[in-house]
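Here is the structure we will look at, set down as structure tokens.
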Amino acid sequence: MHALISLLGFLLLVVLVFFVLGEKGRLHRSTWAFLRESGAHLRTLHGYVYARWTQEYVNVLFRGAASPFTPSRGEHWLAQRYHGKVLTHEYARSIISLDKPIERRNLEQIVPYPVARDLILQAPPDIVAHECVCRNAHATHCEPTQVCMVVGRPFADFFLEHHPDKSRRLNREEALQLLEAEHLRGHVHSAWFKDAMLNRFYAICNCCKCCCGGIHEMAERGVPIVASSGYVATIDDAACSQCGDCVEACPFHGMTQNGDGVVHDWERCLGCGVCEVKCTLGAITMVRDERKGVPLDVRLLA
């Protein structure tokens with residue numbers, strides 16, 4: 001609740017500044033596009049604040065998430081309005097490689113949250129790489145930091161116009177190279193949805209377990225902010241050397257080690273594939289599990 005109150009106070013302050021001073025006397029073209037598409041809603045202001053002052057917004061949330069107390073109602077409220085879907089490397093690549101326009105609404109099977117979800121993409125998608133606010137919220141953080149991928153209009157244009165020093169436009173090949181590099185680093189691909197961002201998909205993040213606020217809320221505090229990819233890890237005991245690399249790499253504490261070897265926790269596993277890429281012996285494979293939900297495979301939605 002403390003984090004929610006702080007966030008509301010921050011929003012009110014921004015409202016005052018926005019309407020009294022204006023945005024340097026003019027609005028960017030992407031801002032007008034965002035306003036036209038979102039309409040006159042409170043979430044429009046919320047979305048503007050989130051996209052315009054993303055680092056400050058996340059810093060406020062991090063202060064609340066650092067509380068030693070059990071997750072508050074505010075954190076659970078936020079989890080219903082700002083949430084992610086884990087992507088396998090293949091499905092993340094399929095979004096970047098899109099060659100057909102996609103518009104699908106209310107994807108409850110794919111992203112099981114009680115708010116509207118839209119997945120609207122043109123082909124090829126507009127992509128902007130932006131500074132990871134989660135990494136930059138920590139004094140010591142993972143590198144590189146410009147690894148968040150804002151996808152589609154008006155979001156990509158908004159971040160590029162409002163954060164020109166922190167953003168850069170990517171072509172398809174550059175975006176695929178960024179995904180591949182983050183995959184090899186053992187970072188989690190995740191698609192993000194937010195009701196304030198036009199109730200739809202707007203970004204692919206490449207999350208590390210030490211910096212990502214979403215992973216922290218899910219793994220450490222039990223806040224259901226991230227949905228499974230629809231896959232789970234399986235271990236070939238005969239090929240496993242019990243080195244423990246997968247235990248160390250798993251962002252969701254889905255692997256443990258005891259005297260009998262490595263133990264996989266089905267409940268905690270969200271099918272990110274980090275353990276698979278970190279296993280040099282090839283003892284781990286990702287397999288589809290219908291109990292974990294439906295994968296976000298845009299190739300089947302087109």
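None of the figures in this text is laboratory data; all of them are computed from the coordinates on show. Remember, it's a predicted structure, so these values are computed and weren't measured experimentally. Reconstructed Cβ throughout: ideal geometry from the backbone, glycine too, with neighbour counts over all protein chains shown.
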In sequence order, calculated HN-Hα J values of the stretch 129-143 (Karplus, 6.51, -1.76, 1.60; Hz; x Gly/Pro) | 7, 10, 4, 6, 5, 5, 5, 6, 7, 10, 4, 10, 9, 6, 10
Take the Cα atoms of the stretch 92-225, find their three principal axes, and give me the spread along each one in whole Å, biggest first.
-> 39, 34, 29
Difference of contour (0.36 nm per residue) and Cα-Cα distance, Asp237 to Ala302 = 19.5 nm
Using the eigenvalues of the Cα gyration tensor, what equivalent ellipsoid semi-axes result for the stretch 231-291 when each is taken as the square root of five times the eigenvalue, whole Å, largest first?
-> 17, 12, 11
In units of 2.2 N^0.38 Å, what is the alpha-carbon radius of gyration of the stretch 164-230?
-> 1.24
The answer for Asp118, listing residues at least 5 apart or on another chain whose modeled amide H is closer than 5 Å to its amide H, is Asn106, Arg200, Phe201
Can you list residues whose amide H is under 5 Å from Gln257's amide H, if they're 5+ apart or on another chain and H is modeled 1.01 Å from N?
-> Val263
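Could you calculate the contour length gain from Leu35 to Gln257, that is, 0.36 nm times the residue separation minus the distance between their Cα atoms, to one decimal place in nm?
Numbers: separation 222, 0.36 × 222 = 79.92 nm, distance 5.14 nm.
Contour length minus Cα-Cα distance gives 74.8 nm.
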What are the residues whose amide H is under 5 Å from the amide H of Asp126, where those residues sit 5 or more places off or on another chain and H is modelled from the backbone?
-> Gly152, Arg153
How much length is gained if the chain between Asn171 and Trp266 is pulled fully straight, taking 0.36 nm per residue apart and subtracting their Cα-Cα distance, in nm to one decimal?
-> 30.5 nm
With +1 on each Lys and Arg Cβ and -1 on each Asp and Glu Cβ, and nothing else charged, work out how big the dipole of the stretch 231-291 is about its Cα centre, in Debye to the nearest 20.
-> 140 debye
Local electrostatic count at Asp245 - Lys and Arg +1, Asp and Glu -1, tallied over other residues with Cβ under 12 Å | -1
Determine ³J(HN,Hα), in whole Hz, for all residues of the stretch 82-94 in sequence, where each value follows from phi through the Karplus function 6.51 cos²θ - 1.76 cosθ + 1.60 and θ = phi - 60°; x replaces Gly and Pro.
-> 8, 8, x, 10, 5, 10, 5, 4, 4, 6, 5, 4, 5
